[in-house]
Amino acid sequence: MIRSVNIRVQGIVQGVGFRPFAYALARAHGIAGWVQNDTEGVLIHATGDDSSVTAFIAAIDDKRPPLASIRSIDVIDTEPTGEIDFTIRESADTGTRAAFIPPDTALCEDCRREHFDTADPRLHYPFITCTHCGPRFSIIRDIPYDRANTAMAPFPMCPRCTAEYRDPDNRRFHTQPNACPICGPHLSLFDSSRTRVCAGTDEIARRVIGLIRDGAIVAIKGVGGYLLAADARNDAAVRALRERKGRPFKPFALMAGDIDIVESFLEVSDVARDLLLSRERPIVVLRERRETVSRLVAPGLSHVGVMLPYAPFQHLFFSLAPDMVLIMTSGNLSEEPIVFDDDEAFERLGGIADYFVTYDRAIHAHSDDSVLFVADGAPHFIRRARGYVPVPFRSRPSGRHIIATGGDIKNAFALAKDDIVIVSQHLGDLESPAGNALFQSCVAHFRTIFDFAPDTVACDLHPGYFTTRIAEEFEARGMRRIGVQHHHAHIAAVMEEHDLDGPVIGIAFDGTGYGADGTLWGSEFLIATRSGFERAAHFDYVPLPGGESAIHEVWKIGVSMLHAARGQSLPRLGERPGADSVMELIEKRINSPLACSIGRLFDGAAAILGIADTVSCEAEAAMLLEEAALRGSRVSRPDAFALPTENADGIIISTAALTEYLLDLLRNGAPVDVIAYRFHETIADSAASVADMLRDRHGVNAVALSGGVFQNRLLLSLLLDRLRNKRFDVYPHRAVPSNDGCIALGQIAVAKERLRTGNANEQ
C-alpha cells in the first residue's frame, strides 16, 4: 500500500545539515518526494509503501544530525503528487516564522583534520566549516537561514565551493558559511594605529605568537566578538592587561591547546572534561593542582577558568605553540559589553591592545564565551552565551507573546512565543550607555530573526532600572506591563526550568534586589507559586552606611554589622580613618539604606576577618572569603550552629548573632581560614533550619535555590548536602545561571501564570 505524507519538523533544524540528512534518509528508505526549508522549519513530502514511510518518519528523530534539536514532528496524510525521486527544494517563506536558529559550535573533527591536511585546499583556512560545525547565530541576520540572510552574503562562492554546496552527498551541502581561501573572508594583522602589519593566515599566526611571547597584548576577533590575548605565564604582560583594562582583581579566563595541557595543571573531573571537549567549548572554572600560570591571572584564588580552542585560527595557533597558555578575556573595558564591531574595536580597545587580528566578515550577533563550574557532580552556569544561545526552552503555552527585560546587572532578556522561551545571550551590566545601546539593538535583532511582536512586557519592580524604563516605554506603546519582584523571579526561573507548579520553599540569596516593601532584599525564604509568593523568612536588616559606596568599601558593612551586634568593635575597623563618620551615618540613619542581603553579609564578614576592606568588582570579597574557607575546610568543624528565631514578624535569622559568633572565634584565636569556613557552614545550617521550620508550617517539601550567591561552590555544596540529609526535594539551576542571568526566564514564568489566572496586576 502506497502512502503519502507531509511531515512538518520544527526546532533547530536549519543550519545543521537537516535537508541533506533527509535526502540521504529518503534514498535509504526508497522514499520519493522533497524536502524544503521555510520560515516555520523544515517541510518534507514523502511517498512510498506504508512500512517504508513509517520507518522513514521514525528515523527522522532517531538519526537526526548532531546539531539538530527537534521540537516537534507533525505528520499529515496527503495525496501523492507524482514524484519518482527525492529532491531538495529552494527555501520558501510561508508567512509564519517558527524556525529556530542554531548556536555557534566548535570546529568538528572532520574540519579539524582538513584544516591540517597539507593536500587540502583549505589548509590552515581560518573559516573552514561544514554542516556540523562553525558559526550560525553570530552570522544570521534574518530567516530563513540562507546565505543571503547571513554575514556571508558579500562572499559569492567560487565554483569549487558551489559544487560542494549543491552536492547532496557532500558534508558541505547547503552549508551557508561555506567558503575557501579563494572566495571567503580573510584575516589581517594591524597595529593599534590600524596600520596593516601583514596578511596571510600562516604569517599572521607566526607573528602573533612572537608578539605574545614578547609580552604584547593582542585583540583577536573571535566568533562572537573580540578577545584580548596575552601570555598567561608572563607577569608583566598580565599586569599590563589588568592596568589597561581597568580590572585589578576579577580573574581572567585561559585557553590551552589541548586537554592534556589543562590536566597537567588543573583538576579536571569527568563532568568538567566532557564540558571542555563538548561542541559548545565553554570556559570551565577548575581548581589548580600546580602553579603554572602567573599569580596575577586570578589573584588570591586557587580556581581559574579555562577553555579549549573552538575556532580554526585558535587551533592553528596552538599547533605552532603547543606549550603556550593564553589569557583569553573579553575585549572590553571593565564592566562594558564585549566589542564586536571592527571600527568600535580600534576605538575602544586601542588603549588596551598593541595589535589586532581581524577579518572582513561582520558579526551580526555578539556572544561572550559561556562560563560554567562544576558542583555536586553537575555543571552550573555562570554565564550562558556562545554555544548555548539561542537554543529555546520548552514552556507552557500561553497564547501570548511576552518579552521579559530581566535585570540591570548580568542582563539577559527573554522572549516567550507559543510554547517556547528563548533567553538571550549574556549582555552584562546595563549601567553604561554602551550597555543600554547593546540591549536595545539585541532586542531588535531577536524580534527580527524570531518574527516576534510582543503584546506583554514583564520587568523588575525596581523603579530606577534601565530595563524598567524600557518596559514602561513598551507599555506606552500599548503593551500590558507586568511587574515581578526580583527574588520571586529568581525562584520562578527554577520552577520554569524544572516544570514545577509549587508551592516551593524558595531560597533566593544574592547581592541585592528591590523588595516589595521598598527595602533592599537578598536573603529571602519565599513560599512561592508561579503567580505569587509569601515572604516567610530572611536575615536581619543592617544599614549600608554611605549607600552605594559601601558595596565598594566593604569595611563600612563590617562596621555596620559590628554596630548591630550590641555595638561591638574591632580595633582594625574601628580605628580606620572615616570610621567615626560611618558610625554617625548609622546612628543617625543618614544615607544608610537597610539591606538584608547575603551578598552584603559576605562582604561584611570578609572585612571583619581582615580578608578584604575594599573591592574593585562585584563579589570580590565573597570570592576571597570562599577561598579562605576552602583552606579552612580541611580542619574538623564543631557542632552545627544555626541562627533562625521566630518573632512577631515571622522567622528572622540573626545577623547580630552571626557577627558575635565570628567575633568569639576571632577572640579565641581560631585561624581566619577556619572562621571563614564556619561562616559558610553557619549560613548553610541556618538556611536548612529555616527550610525545616517552613516545611513544618506549610507542608512544602520542594526547595528551589537561586541567586548569585549560589555561584559560591562551597556554600552551594554545603546547603545541598544539608537539605538532602533532611530529605527535601532540592532544585538548583541547571539550564541558566543562578545570578541575574535567570531573571528574565522567571519573569516569563510569572507573567504567563498571571495572564492565565487573570491576576496580571498582582506583585
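The values are calculated or read from the model by the stated rules, or taken from the named source; none is laboratory data. Nothing here was measured: the structure is a model prediction, and the numbers come from that model. All Cβ positions, glycine included, derive from the backbone under ideal geometry; neighbour counts span all protein chains shown.
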### Task
Within region 724-750, count every residue that is outside any helix (DSSP H, G or I) and crowded, with 24+ Cβ neighbours inside 10 Å.
5
### Message
Among (1) touching a helix residue (DSSP H, G or I) at 6+ places or on another chain (Cβ under 7 Å); (2) crowded, with 19+ Cβ neighbours inside 10 Å; (3) within 25 Å of PHE710 (Cα to Cα), there is one condition VAL285 misses while meeting the rest; what is its number?
### Response
(1)
### Task
Would you check if there is a residue in region 10-28 being over 19 Å from ASN170 (Cβ atoms) and assigned to a helix (DSSP H, G or I)?
no
### Query
From the residues in region 415-447 that are farther than 30 Å from SER72 by Cβ and among the charged types (D, E, K, R), which one is surrounded by the fewest Cβ atoms within 10 Å (Cβ to Cβ)?
GLU431
#### Entry: Single condition ARG386 does not satisfy, out of (1) touching a helix residue (DSSP H, G or I) at 6+ places or on another chain (Cβ under 7 Å); (2) buried (at least 24 other Cβ atoms within 10 Å of the Cβ); (3) part of a loop (DSSP other than H, G, I, E, B)
(1)
### Query
Somewhere in region 728-741, is a residue more than 24 Å from ARG394 (Cβ to Cβ) and in contact (Cβ under 8 Å) with a residue 24 or more places away in the chain?
yes
### Task
Could you list, in sequence order, all residues of region 281-318 that are modelled with pLDDT under 95 and of a type in the set (Lys, Arg)?
ARG289, ARG290
### Query
When residues of region 551-587 are filtered for being within 23 Å of ALA657 (Cβ to Cβ), hydroxyl-bearing (Ser, Thr, Tyr) and modelled with pLDDT of 90 or more, how many remain?
1
### Leading residue by the ranking (modelled with the lowest pLDDT) among those in region 389-414 that are of a type in the set (Ser, Thr, Tyr) and either out of contact with any helix residue (DSSP H, G or I) (no Cβ under 6 Å at 6 or more places or on another chain) or buried (at least 24 other Cβ atoms within 10 Å of the Cβ) (or both)
SER395
### Summary
Listed by first then second residue, the pairs whose first member lies in region 447-476 and is within 27 Å of ASN149 (Cα to Cα), whose partner is assigned to a helix (DSSP H, G or I), with beta carbons under 8 Å and at least 6 positions apart or on separate chains, are PHE452/PHE446; ALA453/ARG447; PRO454/ARG447; PRO454/PHE474
### Message
Condition check: in contact with a Pro (Cβ under 8 Å, 6 or more places away or on another chain), in the same structural domain as ASP369 (by TED's automatic domain parsing) and not β-branched (Val, Ile, Thr). Does ASP231 satisfy that?
### Response
no
#### Entry: Boolean, HIS315 is assigned to a helix (DSSP H, G or I) and crowded, with 19+ Cβ neighbours inside 10 Å
yes
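Rundown of residues vs (1) in contact with a Cys (Cβ under 9 Å, 6 or more places away or on another chain); (2) touching a residue at least 40 places away in the same chain (Cβ under 8 Å); (3) in a helix (DSSP H, G or I), yes/no style:
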residue	(1), (2), (3)
GLU90	no, yes, no
PRO126	no, yes, no
MET157	yes, no, no
CYS161	yes, no, yes
HIS174	no, yes, no
PRO181	no, yes, no
### Message
Going through ALA232, ALA236 one at a time, which residue ends up being among the small types (Gly, Ala, Ser) and surrounded by 15 or more Cβ atoms within 10 Å (Cβ to Cβ)?
### Response
ALA232
### Query
Is it the case that some residue within region 395-406 is over 30 Å from GLY478 (Cβ atoms) and aliphatic (A, V, I, L, M)?
no
### Query
Do the conditions hold for ASP142, that is, is it modelled with pLDDT under 95, surrounded by fewer than 24 Cβ atoms within 10 Å (Cβ to Cβ), touching a helix residue (DSSP H, G or I) at 6+ places or on another chain (Cβ under 6 Å) and on the phi < 0 side of the Ramachandran plot?
yes
### Query
How many of the residues in region 679-715 are more than 13 Å from PHE728 (Cβ to Cβ) and of a type in the set (D, E, K, R)?
4
### Task
Mind listing whichever residues of region 516-540 are aromatic (Phe, Trp, Tyr) and without any contact (Cβ under 8 Å) to a residue 60 or more places away in the chain?
PHE533
### Query
How about region 392-406: which of its residues are touching a Cys at 6+ places or on another chain (Cβ under 9 Å) and either free of Cβ contacts under 8 Å to residues at least 12 places away in the same chain or part of a loop (DSSP other than H, G, I, E, B) (or both)?
THR405, GLY406
### Query
Scanning region 558-579 for residues that are in a loop (DSSP other than H, G, I, E, B) and of a type outside the set (A, V, I, L, M), which turns out surrounded by the fewest Cβ atoms within 10 Å (Cβ to Cβ)?
PRO577
### Task
Just one of (1) buried (at least 18 other Cβ atoms within 10 Å of the Cβ); (2) assigned to a strand (DSSP E or B) trips up VAL582, so point out which.
(2)
### Query
Which one is nearest to the chain's Cα centre (by Cα) among residues in region 663-696 that are in a helix (DSSP H, G or I) and free of Cβ contacts under 8 Å to residues at least 24 places away in the same chain?
ASP696
### Task
Kindly indicate whether any position in region 608-620 is touching a Lys or Arg at 6+ places or on another chain (Cβ under 8 Å), in a helix (DSSP H, G or I), surrounded by 19 or more Cβ atoms within 10 Å (Cβ to Cβ) and not hydroxyl-bearing (Ser, Thr, Tyr).
yes
### Summary
Condition set surrounded by 13 or more Cβ atoms within 10 Å (Cβ to Cβ) and among the basic types (Lys, Arg), scope region 55-82, selection modelled with the highest pLDDT: answer is ARG64
### Task
Assess whether GLU660 counts as being among the charged types (D, E, K, R) and crowded, with 19+ Cβ neighbours inside 10 Å.
no
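Results for (1) part of a loop (DSSP other than H, G, I, E, B); (2) in contact (Cβ under 8 Å) with a residue 12 or more places away in the chain; (3) among the β-branched types (Val, Ile, Thr); (4) not assigned by TED's automatic domain parsing to the domain that holds GLU203, shown as yes or no for each residue.
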| residue | (1), (2), (3), (4) |
| --- | --- |
| GLU263 | no, no, no, no |
| GLU280 | yes, yes, no, no |
| ARG287 | no, yes, no, no |
| SER319 | no, yes, no, no |
